Amino acid sequence: MADQTLPIHGALDLTPPREREHTLLETLHSWVTTVDHKKLGLMYMMMSIFFLLVGGAEAIFIRIQLAVPNNHFVSPQTFNRLFTMHGTTMVFLVGMPLVFAWANYIVPLQIGARDMAFPRLNAFSFWLTLFGGLFLYYSFIGGPGLYGTGSAPDVTWWAYAPLTLKAFSPGHATDYWALALIVTGFGTIGGGINIIATVISMRCKGMTLMRMPLFSWVMFVDGAFVLIVITPLTASQVMLLIDRYLGGHFFDTQAGGSATVWMHFFWIFGHPEVYVLVFPAFAIASEVIQVFSRKALFGYPAMVAAIIGIAFVSVSVWAHHMFTIGMTSAGNAFFVLSTELVGIPTGIKIFNWLATMWGGKIRFATPMLFAIAFLFQFLCAGLTGIMLSIAPWNWQLHGSYFVIAHFHYILVGAIVFMVFSGIYYWFPKATGRMMSETLGKWHFWLFFIGFHLTFDTMHFVGFEGMPRWIYTYPADRGWQNINLVVSIGGLIQGIAVLIFAYNLISSLFKGKIAGNDPWDAWTLEWATTSPPPVYNFATDPVVRSWRPLWDLKHPENPDWKYD
Amino acid sequence: MLPKWLRVERIARLAVFSALALSGHAMAEGPQATPSIFAPASTPATQIYHLSFFILEITAAIFVAVAGLLTYVIIRYRARTGDDESEPAQVYGSNQVELAWTVIPILIVVVLFLTTARVIFAIQDAPMPTAALEVTAVGHQFWWEYRYPKQGLVGQDFVAVNELHVPLSSTDHPTPTYIKLLSADVDHSFWVPQLAGKTDLIPNHPNDTWIDPLQSGLYVGQCAQFCGVQHANMLLRVYVDTPEQFAAWLANQAKPGIQDPSVVAGRHVFETQACMNCHAVQGTAATGRFGPDLTHLMSRDTLASGMIPNTRDNLRQWIKDPNTIKPGCLMPAMQLSEDQLDQVTNYLETLK
């Protein structure tokens, strides 16, 4: 089906390339100075994959330490740094850049634009994010400070006060943590503004908001969401630094400050943040499930409403992370209700994806395998989420390994799975070459098995009373068998990720030539060459529905007839 | 004939039970080495346990329905070899269907919310009976202080450390223990899964919780909110005593420390080598409050917040250099000589 059918008149620039060979230095220079949304998207992606490997290595160290009781593989101090850096890395240096990797690369192509609305802001945001990340890791060298205590931050990624104050965290480790998040936070806000402006003002002719592919819709909502979410985080970091250096008493309980104020600020950021991170997974799933089921997305307006609904409701649920801090019973009841309400739009999304597959012709290419696993795991994560929303049960489950299992079901089972799916799906567009399907299937099955070995069993050790954040546990608690299985699953996932990394690199050089539209897809990015030229489209595309390429491929039965 | 959803529920219940049985313990009675939330031995934990099974049934039913649908769709609508090249019929949506899968979840949410709210109020707002014991727990990096008020007309207030003793309760004559939760430094969390859900100890933010254990014995748990280097070894031990045991324990704890003249050398070391800056022994000059009260040290089974058995060797090693046992703990090694170590250990061993 590939090139010859395609498509939009004049969209392909058929003049032969006349670029000469570039030296290595010139190539590097072009990447460092670029304001091209595609290059920035790829750089965000490379940053995420790099930190995914770093954060993954930290997870492997954590799992080696916990594989057997009373282990001495790492010291308690090192262990506390490992899980703090693992969490901070995965959320801020993997998850957040991924949002902008996808939004940058795909959204302008999908809405028929030439670039993001603010290309320079785009580059600035990327470099802020990257240097924020490098700054955080510099704490391994710079953290000891004058006191000679600590290196990397060791206060968990929640960094609950007053543990983060000078009295309990001398040295500079916590400063690196706070400052790094402020810096990456500004990068994130720049990126969010850019997505909003791009979607509002750069859509091609004919593309009304309700003719925008769902992927771009979700990223649009995500961009707006980021502005709401990051602000309280940045504010709380500033307050923390004022407490640490200017004698403020926001969180200084010994001077009458409040530990719970930090919790509220952190979770007003922290809970919606989970949705900020998972939205790209929804976005990718909405594209992949359509294309590989060969059917239009079921209930497009409902899906748009659901994503906006999730964003709205999820800013009112933060204190379900705080059921154990001694809120009033009425307060607890309120947050039970608001939390459970999130389940309704989330359920709508799952049902619509299922209905999209219903009656289709499902092709099990690697992107679709990851998407199906995502659906299954996202369902499970939603159900364990319901369990955690039940405040009395949450008094038992909070802070235990059950919670770890639950949110890794989201962060890995939903987000990482869909990130892999999206990479297999759009790699041909970005590089012009296909990724190996054989290695892709190995990657999928190993990762799937490893994931379930690790995170299914973790729920049970949570039921058995094992709390999170512990560097060791006594042998007589009966937790060692499950912990060993968890660790083995972690290693299997590590192997799968290495296969993926190999596949990525080898396909870049030796992959089959992809052509413009290898998956026979329906959105505008597949109408241009692979990889797309700097200017994306030789002429401005004009669309009449949210599946412009379907309309072109099926002139006898176009979508716009049903609009 | 049962309706179909009931059968699904039964299957789900069976599945959960077998999973728990596989994980090594099912519904055992009394205190367990593994502090499972599914082996409740006190009213709050039991109420949560019953609620949790109701929730498990609902979520299992949802799981079976949706995962079943997903499996069906994958198998039924897979592309088959020999399919023609045509695209399947395009369906864009249906308002009726959307409405159905919006309304049904709303009804489920209503049921979940009402059930949950009932249990929240039942546990959190339970009135305190007059027969209740009131104890104040104070979280420290990385140990537990328990302040007991004066019992009856004799004795005095006293402080127990790391091992909480509470009376056995019964359904006929409930003698629950209400625990006020404070923190001396950072956030901690009091979690003994078989007795109750966890409640945090937050500085400047007093909390409380209650338990009414119905079987005697030792219940274990640990701090559940990260509190620093040795968070992992801030273990909880709750001894549920029969009325006679509890009365005897109280009577002993309320006494000042025994002063045995044969260990006066050790006491001298204790009171001149900075030990008493942090530790108290009631009835002596040692009144430090930063570290654990040692008045009845030998009445405890463990040292270092439940980490090691309270033996002479462990005690001596602990005094010599606590960091070899619990790296990162706040007690420094006082560089005592071997003789001084023996003397102090001898002295502490008389504090029964």
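The values are calculated or read from the model by the stated rules, or taken from the named source; none is laboratory data. Here the structure is a predicted model, which is why all the values come from computation and not from measurement. Every residue, glycine among them, receives a Cβ derived from its backbone with ideal geometry; neighbour counts consider all protein chains shown.
Scanning for something touching a helix residue (DSSP H, G or I) at 6+ places or on another chain (Cβ under 9 Å), closer than 14 Å to A:Ala285 by Cα and touching a residue at least 12 places away in the same chain (Cβ under 8 Å), does the stretch A:338-346 turn up at least one residue? Among the residues of the stretch A:338-346, at least one is touching a helix residue (DSSP H, G or I) at 6+ places or on another chain (Cβ under 9 Å), closer than 14 Å to A:Ala285 by Cα and touching a residue at least 12 places away in the same chain (Cβ under 8 Å), which makes the answer yes. Yes or no: the stretch B:211-219 includes at least one residue that is of a type in the set (Asp, Glu), outside the structural domain of B:Cys329 (by TED's automatic domain parsing), under 22 Å from the mean Cα position of the chain (by Cα) and in a loop (DSSP other than H, G, I, E, B). Among the residues of the stretch B:211-219, at least one is of a type in the set (Asp, Glu), outside the structural domain of B:Cys329 (by TED's automatic domain parsing), under 22 Å from the mean Cα position of the chain (by Cα) and in a loop (DSSP other than H, G, I, E, B), which makes the answer yes. Restricted to the stretch A:118-145, and to residues there that are among the hydrophobic types (A, V, I, L, M, F, W, C) and touching a Pro at 6+ places or on another chain (Cβ under 9 Å), the residue that is modelled with the lowest pLDDT is A:Leu136. Return the pairs, sorted by first residue and then second, in which the second residue is of a type in the set (Phe, Trp, Tyr), the first residue lies in the stretch B:53-82 and is at the interface with chain A (Cβ under 8 Å from one of its Cβ atoms), the beta carbons are less than 6 Å apart, and the residues are 6+ apart or on different chains. Correct list of pairs: B:Val73/A:Trp358. Being in contact with a Phe, Trp or Tyr (Cβ under 8 Å, 6 or more places away or on another chain) and either assigned to a loop (DSSP other than H, G, I, E, B) or within 12 Å of chain A (Cβ to nearest Cβ) (or both) is the filter; apply it to the stretch B:168-178 and report the residue that is nearest to B:Ile120 (Cα to Cα). That would be B:Pro176.
The selection criterion, being modelled with pLDDT of 95 or more, more than 19 Å from A:Leu354 (Cα to Cα) and crowded, with 24+ Cβ neighbours inside 10 Å, does not hold for A:Met322. Could you tell me which numbered condition B:Leu99 fails, if it satisfies all but one of (1) modelled with pLDDT under 95; (2) within 9 Å of another protein chain (Cβ to nearest Cβ); (3) over 26 Å from B:Leu236 (Cβ atoms)? Tallying (1) modelled with pLDDT under 95; (2) within 9 Å of another protein chain (Cβ to nearest Cβ); (3) over 26 Å from B:Leu236 (Cβ atoms), B:Leu99 fails exactly one: (2). Of the residues making up the stretch B:83-96, those that are over 30 Å from A:Met210 (Cβ atoms) and more than 8 Å from chain A (Cβ to nearest Cβ) are B:Asp84, B:Glu85. For the stretch B:172-210, the candidate set comprises residues that are over 12 Å from the mean Cα position of the chain (by Cα) and of a type in the set (D, E, K, R); within that set, the residue that is surrounded by the fewest Cβ atoms within 10 Å (Cβ to Cβ) is B:Asp172. Looking across the stretch A:154-170 at every residue that is more than 7 Å from every other protein chain (Cβ to nearest Cβ) and among the β-branched types (Val, Ile, Thr), the one that is farthest from A:Trp469 (Cα to Cα) is identified as A:Thr164.
When the stretch A:63-117 is filtered for residues that are touching a His at 6+ places or on another chain (Cβ under 7 Å) and either surrounded by fewer than 20 Cβ atoms within 10 Å (Cβ to Cβ) or not in a helix (DSSP H, G or I) (or both), the ones remaining, listed by number, are A:Asp115, A:Met116.
Does the stretch A:515-522 include one or more residues that are within 14 Å of chain B (Cβ to nearest Cβ) and in contact with a Leu (Cβ under 6 Å, 6 or more places away or on another chain)? The answer is yes; a qualifying residue exists.
In the stretch A:476-487, the residues that are on the phi > 0 side of the Ramachandran plot reach residues that are surrounded by fewer than 20 Cβ atoms within 10 Å (Cβ to Cβ) with C-beta atoms within less than 9 angstrom, at least six apart or across chains, in these pairs: A:Gly478/B:Gly24; A:Gly478/B:His25; A:Gly478/B:Ala33. Tallying residues that are over 18 Å from B:Val64 (Cβ atoms), assigned to a helix (DSSP H, G or I) and facing another protein chain (nearest Cβ under 8 Å) within the stretch A:353-365 yields 2.
Of the numbered criteria (1) in a helix (DSSP H, G or I); (2) within 25 Å of the chain's Cα centre (by Cα), the one B:Leu330 fails is (1). Go through the stretch A:228-242 and report how many residues are farther than 16 Å from A:Trp158 by Cβ and touching a residue at least 60 places away in the same chain (Cβ under 8 Å). Counting residues in the stretch A:228-242 that are farther than 16 Å from A:Trp158 by Cβ and touching a residue at least 60 places away in the same chain (Cβ under 8 Å) gives 2.
The set of residues in the stretch A:273-318 that are over 21 Å from A:Gln377 (Cα atoms), within 14 Å of chain B (Cβ to nearest Cβ) and not in a helix (DSSP H, G or I) comprises A:Arg294, A:Lys295, A:Ala296, A:Gly299, A:Val317. Consider the stretch A:425-460 and keep the residues that are basic (Lys, Arg) and assigned to a helix (DSSP H, G or I). The one that is nearest to A:Phe402 (Cα to Cα) is A:Lys441.
Considering A:Leu227, A:Leu233, A:Leu179, the condition of being within 17 Å of A:Thr89 (Cβ to Cβ) and within 19 Å of the chain's Cα centre (by Cα) is satisfied by A:Leu233 alone. Kindly indicate whether any position in the stretch A:330-349 is at the interface with chain B (Cβ under 8 Å from one of its Cβ atoms), in contact with a strand residue (DSSP E or B) (Cβ under 6 Å, 6 or more places away or on another chain), farther than 24 Å from B:Val103 by Cα and part of a helix (DSSP H, G or I). No, because not a single residue in the stretch A:330-349 is at the interface with chain B (Cβ under 8 Å from one of its Cβ atoms), in contact with a strand residue (DSSP E or B) (Cβ under 6 Å, 6 or more places away or on another chain), farther than 24 Å from B:Val103 by Cα and part of a helix (DSSP H, G or I). Note on the stretch B:292-346: residues that are on the phi > 0 side of the Ramachandran plot and touching a residue at least 12 places away in the same chain (Cβ under 8 Å) total 4.
Filtering the stretch B:289-332 to residues that are in contact with a strand residue (DSSP E or B) (Cβ under 6 Å, 6 or more places away or on another chain) and basic (Lys, Arg) leaves only B:Arg300. Among the conditions (1) surrounded by fewer than 22 Cβ atoms within 10 Å (Cβ to Cβ); (2) within 14 Å of another protein chain (Cβ to nearest Cβ); (3) in contact with a Gly (Cβ under 6 Å, 6 or more places away or on another chain), the only one that A:Leu484 does not satisfy is (3). When B:Ala33, B:Ala61, B:Ala67 are checked against the criterion of being in contact with a Gly (Cβ under 8 Å, 6 or more places away or on another chain) and of a type outside the set (Asp, Glu), B:Ala33 stands alone in meeting it. In this structure, A:Phe455 does satisfy being modelled with pLDDT of 95 or more, crowded, with 22+ Cβ neighbours inside 10 Å, in contact with a His (Cβ under 8 Å, 6 or more places away or on another chain) and within 17 Å of A:Ile492 (Cα to Cα). Of the candidates B:Leu56, B:Leu107, the single residue that is crowded, with 16+ Cβ neighbours inside 10 Å and not in a loop (DSSP other than H, G, I, E, B) is B:Leu56. For the stretch B:179-219, filtering for residues that are under 20 Å from A:Trp158 (Cα atoms) and either touching a Phe, Trp or Tyr at 6+ places or on another chain (Cβ under 7 Å) or facing chain A (nearest Cβ under 9 Å) (or both) leaves 14. Taken as a whole, the condition of being farther than 19 Å from B:Pro206 by Cα and free of Cβ contacts under 8 Å to residues at least 60 places away in the same chain applies to B:Ala131.
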